[in-house]
Amino acid sequence: MPTITPQGAYELRFRSIFDTGRGLAFRCDANGHVDLDALSETARANYLFARAMVGRDYAAPVVLPTVH
């Protein structure tokens, strides 16, 4: 059975509007703030793209606890 991490790790998920099961997820705090400096260049570009495409390719992001 999955357990939630005790430190309260979270991820910000952008679900694809058109392709079920496709999306992007980024580690964040409980308020959905992503540390851009901690992301790789590729991850940062993907994050900024997902934010720009909310309502076009991605649904509004949701903050979810990380499950292990």
Worksheet item: Can you tell me which residue in the range 19-34 is surrounded by the most Cβ atoms within 10 Å (Cβ to Cβ), limited to those that are farther than 17 Å from residue 65 by Cβ and under 13 Å from the mean Cα position of the chain (by Cα)?
Response: 24
Discussion item. If a residue must be assigned to a loop (DSSP other than H, G, I, E, B) and surrounded by 11 or more Cβ atoms within 10 Å (Cβ to Cβ), how many such residues does the range 35-51 contain?
Written reply: 1
Fill in: Hits in the range 52-63 - residues which are within 14 Å of residue 11 (Cα to Cα) and surrounded by 14 or more Cβ atoms within 10 Å (Cβ to Cβ)
61, 63
Worksheet item: What residue, among those in the range 3-18 that are closer than 17 Å to residue 62 by Cβ and modelled with pLDDT under 95, is surrounded by the most Cβ atoms within 10 Å (Cβ to Cβ)?
Response: 9
Practice prompt. Among residues belonging to the range 52-68 that are at pLDDT below 95 and part of a loop (DSSP other than H, G, I, E, B), point out the one that is farthest from residue 31 (Cα to Cα).
Written response: 68
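The values are calculated or read from the model by the stated rules, or taken from the named source; none is laboratory data. Remember, predicted model here, so these are calculated numbers, not experimental data. All Cβ positions, even for glycine, are placed from backbone atoms using ideal geometry, and neighbour counts span all protein chains on display.
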